[in-house]
Structures are given as C-alpha cells and as structure tokens.
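The values are calculated or read from the model by the stated rules, or taken from the named source; none is laboratory data. Being a predicted model, the structure only gives us computed values, none of them experimental. Note that each Cβ is placed from the backbone with ideal geometry, even for glycine, and that neighbours are counted across all protein chains shown. Quick note on the areas: whole protein, heavy atoms, side chains included, nothing else; ligands and nucleic acids left out. Shrake-Rupley method; radii C 1.70, N 1.55, O 1.52, S 1.80 Å.
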Amino acid sequence: MKHWTEGFDDDDADEPLVRPYTITGGRTTPERDDLTLITLVTVISEAPADNGPGMRRLQPEHRTILALCKQPLAVAEIASALNLPVSVTKILIGDLIEAGHVRSRPPLAFAQAGGLPGMSILEAVRDGLRKL
Amino acid sequence: MGFASSEPGVRAPLAVKILVAGGFGVGKTTLVGAVSEVAPLRTEEYLTHASIGVDDLEGVSGKSTTTVALDFGRITINSELVLYLFGTPGQERFWFMWNDLVNGAMGAVVLVDTRRLEVSFASIDFFESRGIPFVVGVNCFHGVRDRTQEEIRRALDLDPQVPLVLCDARDRAAGRDVLLALIDHLMAAHARTAAHPVS
Ligand SMILES: Nc1nc2c(ncn2[C@@H]2O[C@H](COP(=O)(O)OP(=O)(O)OP(=O)(O)O)[C@@H](O)[C@H]2O)c(=O)[nH]1
Ligand SMILES: [Mg+2]
C-alpha cells in the first residue's frame, strides 16, 4: 500500500538533516541520556498487540523497533536497521520505554569508572573468542 | 553464569564492547568484519547535533548535513553475553562521540600501519590519557614487515606493558588473536590490581 507521502518525497540533498526529525515530531534531543550505543533494548513480553490501545500514536519506525526487538538488540543495531542517525533512534526508543513497551539494559560502565571488567566476564569473553 | 538480566518479562544478555581504533585506512573495518558474526553494520550520527547541541529545528535548518559513520560488528559469546566491536576513527571530528563509545568498553585495539604510524598517534594518546587499556595491532599490509617490533614501539613511544601484536586484519584467526591479546592484557591488569588495590 502506498503511503500518502510517496511522490512528495524530495531527494533534495540539502535537507537530510531535518527530515528524520519529522519522525520524532520535531524533537532533536533525547529526553533520556542514559541510552548508549550498546544499551540492549527488548520488547516487554506482555506488551500490547500491534493494534492494541496505546499503540495508535506510534510512528511506523516505532513499530519497526518493536518488531526488531523481539530479540535483544543494541541501540546501534536498531539505528543501523532503521537507517536513522543514533540520536533520532534514541528519541524513538525513549518513547517506547516511556510507554512501557520495551526495556533497556545498559552496559556496565567499566572505563568511565576507571575500572576493569570482572574476571568472570573476561573469562567468558576469552572462552567465547577461542571458539571463533 | 549470571550476566543475564533477571528482571521479569525480559531476558537481556549483558553487552560489552571492544573498540577497534586507529587512523585513516589502517584496517579497522576489515578487522571488525573478519571477526564479526554479521557483516559489519554501519550507523550514523549527526556531527552538528552532538557537537553544538541543537535543541530546536531552527538550529538544524542550515546546510550542515555532516554525519559521521561508525562500523560495528557483533560476536555472541553465549546466551548471557554479547560482544560488540566498534571501529572508531581517530580523527578529531569524532571525539564528540567518544564518551558514548567508551561507555561500556572493556578496552581497545589500536591498529597501526607501519608505513604510516603517525595516523594512529591520536588514538594511542586518547586511550593513554584516559587510562583505557589497549593493545596495539600491527596490521601487516601485504606481509610488509619493514620495521622491527622494537622500532615500532619506540616510534609509538609505547609503554612496555602495552602488548604489541602482529596481525593481518583480513584474517579471522589473526583478528581473534589480537582480541585475545587484549583480554590477556586485561586479566594481567586485574591480577595486578588485586595484588595492589588502588586506594
Ligand atoms: N593487503 C592488505 N590490505 C588490507 C589489510 N587490511 C586492510 N586492507 C585494505 O586496506 C584498506 C583500508 O582498510 P579498512 O578496513 O577500510 O580501513 P579502516 O581503518 O576501516 O579505514 P577508515 O574507516 O577509512 O579509516 C581496504 O582496502 C582493505 O581491504 C591487510 O592486512 N592487508
Ligand atoms: Mg572503516
């Protein structure tokens, strides 16, 4: 089915900066600053069905995220799949967290804390790499 | 192993990250692709967005369309742990993103090309100054070994504790071995910290 904007699509190379922000309703700054490139996003299993209440105001991109995140996916992977900049993607994910549709799992902040990953993590990564 | 989230309604593994850094054209994307279980993915960010912190549409209505692209790959370690590899260029125009890049990073591999060591200086400076553990991977383009390891170390002014590993970024096993060298390096640092806790 054709979307109403089809045919209006301007391929004006001068405009790519603005257009993605129409998806976010003009918002250019994520409300939450806790999402990182590798924060893992997962759909909450009891999230409402695709056409259930609370899903109506969602953009197609929101729905795409919900479909993608049936398996845990990193913010960077979602941005890559949507072909949207990371900052725009974070805004959309923030909406879904706010609405209770997805949960996010942040990484451990080793480097920023000046610390090292725990030995059990290092051992698991080493064992996993050896199998490559 | 206990890394998986135990929150009800969600089963998320823990994500960790290794940065693959170095100057222009040293083989970062090649290495990420060689070890990743998926073809390297690409993600973009607006340069203007993060660097000047625009907060309304007026601010972005200009002609500034610059984006920076990052390549990354993924290695599923087990059901509870996923390792992401991010190719991170050393150019200054990327530095606005480095807080996010560094967040959750276990450490870094800095790739160097012996014919152009200087293009990777900025990456080494960055990790040294932030105290982020790293190893140096010498990407042996065309099998060229025009310098000894000692010469490379001296040219890079490398701390003797920082491992230096020869590799071919196109080769999966070689790429894996560079990553393993980083893990060994982290384990050694761990052992030192455990023996002499930092106060
Ligand atoms: N012969 C040879 N070629 C290599 C090797 N590693 C990378 N290359 C080639 O060198 C070029 C640059 O490699 P990339 O992996 O794109 O380097 P990069 O660091 O990601 O480059 P930028 O992202 O542009 O900074 C590519 O054409 C690779 O195919 C190697 O070990 N041997
Ligand atoms: Mg590259």
Cross-chain or 6+ apart pairs with Cβ under 9 Å, region B:19-45 first and open to solvent by 40 Å² or more (accessible area, probe 1.4 Å) and outside any helix (DSSP H, G or I), then more than 9 Å from ligand 2 (Cβ to nearest atom) and of a type in the set (Val, Ile, Thr): B:Phe24/B:Val119; B:Gly25/B:Val119; B:Glu37/B:Ile75; B:Glu37/B:Thr76; B:Glu44/A:Val86; B:Glu44/B:Thr67; B:Glu44/B:Val68
Output the residue which, of all residues in region B:76-91 that are away from ligand 1 (no atom under 12 Å from the Cβ) and out of contact with any Lys or Arg (no Cβ under 8 Å at 6 or more places or on another chain), is nearest to A:Leu108 (Cα to Cα). B:Leu81
Residues that are more than 9 Å from chain A (Cβ to nearest Cβ) and closer than 17 Å to A:Leu129 by Cα: which helices (runs of 4 or more DSSP H) entirely in region B:83-199 hold 2 or more of them? B:172-195
Consider B:Gly73 against the criteria (1) more than 10 Å from chain A (Cβ to nearest Cβ); (2) within 16 Å of ligand 1 (Cβ to nearest atom); (3) at pLDDT below 85: it satisfies all of them except one. Which criterion is unmet? (3)
Quick test for you: out of B:Phe141, B:Phe134, pick the one residue that is aromatic (Phe, Trp, Tyr), within 13 Å of B:Ile18 (Cα to Cα) and open to solvent by less than 60 Å² (accessible area, probe 1.4 Å). B:Phe134
